[in-house]
Amino acid sequence: KFKKTIGNERLIEKNDRIAVALSGGKDSSLLLYLLKKFFRNYMHAIIIDEGLGRYRKNSIKKAELLCKKLDVDYSIVTFEKEFGVTIKDIVSRIKEKNMIPCTYCGVLRRYLLNKKSRELRASKLAVGINLDDEAESIIMNIIRGDVERFIKLGPYPALIKDEKFVPRIKPLRNLCEEEIILYDKIHKIPFEKKRCPFRVHSIRYDVRKMLNHLEEKYPGIKYQIVNFYDKIKPMVLEKMRIEKDSKVASCKICGEPTSREVCKVCELIEKLKSS
């Protein structure tokens, strides 16, 4: 399934330099293991330290262990060094009732992964999104009515080509969580078994519980959701007339790519400073 997804979607080409988002969890650890096993491309793992205490320290140890075992270079990028705050600091300072830790964490993580991948001159950024994650994201964006994010899903979601954006790829997209855990255990791939302590505050947590209940009652429903998405995405894109070669703006504060004058990261950081 892994090789078929990459082949069918043309996710990796001969001269690609691949940055791998490595958290030390089951998905990203398997992703790095399989990429190293089947491909000879240049690879560099990027580990983001959000400042989640013992949970993140343990997962980073597992990530470093795997990199050394596979002989893969890696970099550790921290929220504290890049933004001057940890996710724990952010949680203690959030005032808006509708803002949750995941809102900050997700935006800041994506920002750093793209920035570091570009610094490494990577042509692709591989992320450990599995089938369960993708099905959850599809339903989440339907619930929110977020068409813009909805169309940015898929195994190779890059819609706009820009030199400041490193395209993301999802080689694990057609593997379910149970398959991944089993493969990790059989091949003794080190990974952190605990999950993020803040996950219960997100809408994803509730959607996951709902889909797991439906999957147990109606096996295969997650595959059906993802397959349905793949069928309708071309029609949605055509309707919205997305310009694939259009350029994006640069944030007037940090210079990173954005669709507006000030990027979401700088906006969130400014809110924290004023809180």
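Things to note:
- Annotation: I143 carries an accessible surface of approximately 100 Å², with a 1.4 Å probe and no ligand, DNA or RNA atoms counted.
- Contact order for the stretch 1-62, expressed relative to its length and based on alpha carbon pairs under 8 Å spaced 6+ residues apart, stands at 35 percent.
- Residues of the stretch 63-211: accessible area per residue with a 1.4 Å probe, Å²: 52 Å²
- Size of electric dipole in the stretch 160-230: Cβ of Lys, Arg +1 and of Asp, Glu -1, about Cα centre, debye, nearest 20: 260 debye
- Within the stretch 1-135: Cβ-based charge dipole about Cα centre, in debye rounded to nearest 20 (Lys, Arg +1; Asp, Glu -1): 280 debye
- Ranked by solvent-accessible area (1.4 Å probe, protein heavy atoms only, all chains present), the residues S137, S259 order from largest to smallest as S259, S137.
- Charge sum, other residues only, whose C-beta stays under 10 Å from P101's C-beta, Lys/Arg counted +1 and Asp/Glu -1: +1
- Whole-percent carbon and sulfur share, accessible surface of the stretch 186-226, 1.4 Å: 58 percent
- Heavy-atom SASA rank of E216, E192 (probe 1.4 Å, accessible area, largest first): E216, E192
- Translational diffusion coefficient (Stokes-Einstein; Kirkwood radius from C-alpha pairs) of the chain at 37 °C, 0.692 mPa s, in µm²/s: 167 µm²/s
- Taken over the alpha carbons of the stretch 1-129 as equal point scatterers, the Debye sum produces base-10 log I(q)/I(0) values at 0.09, 0.19, 0.21 Å⁻¹ of -0.28, -1.06, -1.23.
- Electrostatic tally near R54: other residues with Cβ closer than 12 Å to its Cβ, Lys and Arg +1, Asp and Glu -1, net +4.
- Partners for K62 among lysines (Cα-Cα distance below 19 Å; same-chain residues under 8 apart left out): K26, K36, K37, K185, K188, K193, K194
- Accessible heavy-atom area order of H187, H201, highest first, probe of 1.4 Å: H201, H187
- Positive contributions from Lys and Arg (+1) and negative ones from Asp and Glu (-1), summed over other residues with Cβ under 14 Å from the Cβ of K14, come out at +2.
- Its residue count N sets the reference 2.2 N^0.38 Å, and the alpha-carbon radius of gyration of the stretch 19-82 equals 1.07 times that reference.
The values are calculated or read from the model by the stated rules, or taken from the named source; none is laboratory data. All of these numbers come straight from a predicted model, not from anything done at the bench. Glycine also receives a Cβ, built like all others from the backbone with ideal geometry; neighbour counts cover every protein chain displayed. Side chains are part of the model used for accessible areas, which takes the heavy atoms of the whole protein and leaves out ligands, DNA and RNA. Shrake-Rupley method; radii C 1.70, N 1.55, O 1.52, S 1.80 Å.
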